[in-house]
1. Across segment 14-39, what is the number of residues that are part of a helix (DSSP H, G or I) and either under 12 Å from the mean Cα position of the chain (by Cα) or free of Cβ contacts under 8 Å to residues at least 12 places away in the same chain (or both)?
2. Taking only pairs six or more apart or across chains, which ones have beta-carbon atoms under 6 Å, a first residue in segment 137-150 that is touching a residue at least 40 places away in the same chain (Cβ under 8 Å), and a second residue that is in a loop (DSSP other than H, G, I, E, B) and hydrophobic (A, V, I, L, M, F, W, C)?
3. For segment 156-185, enumerate the residues that are out of contact with any Asp or Glu (no Cβ under 8 Å at 6 or more places or on another chain), modelled with pLDDT of 95 or more and either aromatic (Phe, Trp, Tyr) or under 22 Å from Ala95 (Cβ atoms) (or both).
4. Can you tell me which residue within segment 66-91, out of those that are touching a residue at least 40 places away in the same chain (Cβ under 8 Å) and of a type in the set (Ser, Thr, Tyr), is farthest from Ala7 (Cα to Cα)?
5. For segment 78-121, name all the residues that are hydroxyl-bearing (Ser, Thr, Tyr) and either out of contact with any helix residue (DSSP H, G or I) (no Cβ under 8 Å at 6 or more places or on another chain) or at positive phi (or both).
6. Mind telling me which of the residues Leu182, Leu129, Leu115 ends up being in a helix (DSSP H, G or I), aliphatic (A, V, I, L, M) and under 21 Å from Gly24 (Cα atoms)?
7. I need a count of the residues in segment 128-155 that are surrounded by 17 or more Cβ atoms within 10 Å (Cβ to Cβ), hydrophobic (A, V, I, L, M, F, W, C) and more than 30 Å from Met91 (Cβ to Cβ).
Amino acid sequence: DKLFVSANNFKGSSQTQFSVVRYGNVVGSRGSVVPFFKKLVQNKANEIPITDIRMTRFWITLDEGVSFVLKSLKRMHGGEIFVPKIPSMKMTDLAKALAPNIPTKIIGIRPGEKLHEVMIPKDESHLALEFEDFFIIQPTISFQTPKDYTLTKLHEKGQKVAPDFEYSSHTNNQWLEPDDLLKLL
């Protein structure tokens, strides 16, 4: 994020501006657990492996992700990080949705794997602004021309978040249940 945002100070006389979009797991994309679970079901597996029953993730469809990127292009001043407000899901609910008749087996968390996904950590809360359906993380670097990130180029007004705010998949207020997940797949 920081490297890309700092490119705004090295663009010379170009009108190019750089911003970042940070979002969760894209449903069914490469590296997603969905194709893996589907293959287990297709191969009539005896169990679905789950690393930890507490594990959660943010989820966004490809169409939602593309739409958010395009809307962020219209909103951006340059230098900010856009974070959509998207639902969370429990890995156990995903297993229930894809394989309701196959038991799960807890296999333990793998090295480097996170229990929950954090899109705005507490140490960035002093930079975060909340809008109706997204957040903006203001840049830590200074630009030659000051920018007001509390108002997007689409005239949407944002508010500072509370100190020590964190946007994490396990404390989210939007949740996908197994039936919701099945509809997305």
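The values are calculated or read from the model by the stated rules, or taken from the named source; none is laboratory data. Just so it is clear, the model here is predicted, and its values are computed rather than measured. Reconstructed Cβ throughout: ideal geometry from the backbone, glycine too, with neighbour counts over all protein chains shown.
1. First, the residues of segment 14-39 that are part of a helix (DSSP H, G or I): 33-39.
Next, only the ones that are either under 12 Å from the mean Cα position of the chain (by Cα) or free of Cβ contacts under 8 Å to residues at least 12 places away in the same chain (or both) stay: 35-36, 39.
Number satisfying all stated conditions: 3.
2. none
3. Within segment 156-185, Phe165, Tyr167, His170, Thr171, Asn172, Gln174, Trp175 meet the criteria.
4. Restricting to residues being touching a residue at least 40 places away in the same chain (Cβ under 8 Å) and of a type in the set (Ser, Thr, Tyr), the top hit is Ser88.
5. Step one: list which residues in segment 78-121 are hydroxyl-bearing (Ser, Thr, Tyr), which gives 88, 92, 104.
Ser88, Thr92 - these are the residues of segment 78-121 that are hydroxyl-bearing (Ser, Thr, Tyr) and either out of contact with any helix residue (DSSP H, G or I) (no Cβ under 8 Å at 6 or more places or on another chain) or at positive phi (or both).
6. Details: Leu129 fails: in a helix (DSSP H, G or I); Leu115 fails: in a helix (DSSP H, G or I).
Unique residue meeting the criteria: Leu182.
7. Residues flagged as surrounded by 17 or more Cβ atoms within 10 Å (Cβ to Cβ), hydrophobic (A, V, I, L, M, F, W, C) and more than 30 Å from Met91 (Cβ to Cβ) within segment 128-155 amount to 1.
Residue-wise test of (1) under 17 Å from Leu181 (Cα atoms); (2) surrounded by 15 or more Cβ atoms within 10 Å (Cβ to Cβ).
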| residue | (1), (2) |
| --- | --- |
| Val5 | no, yes |
| Phe10 | no, no |
| Val27 | yes, yes |
| Gly31 | no, no |
| Val41 | yes, yes |
| Thr56 | yes, yes |
| Trp59 | yes, yes |
| Leu62 | yes, no |
| Val66 | no, no |
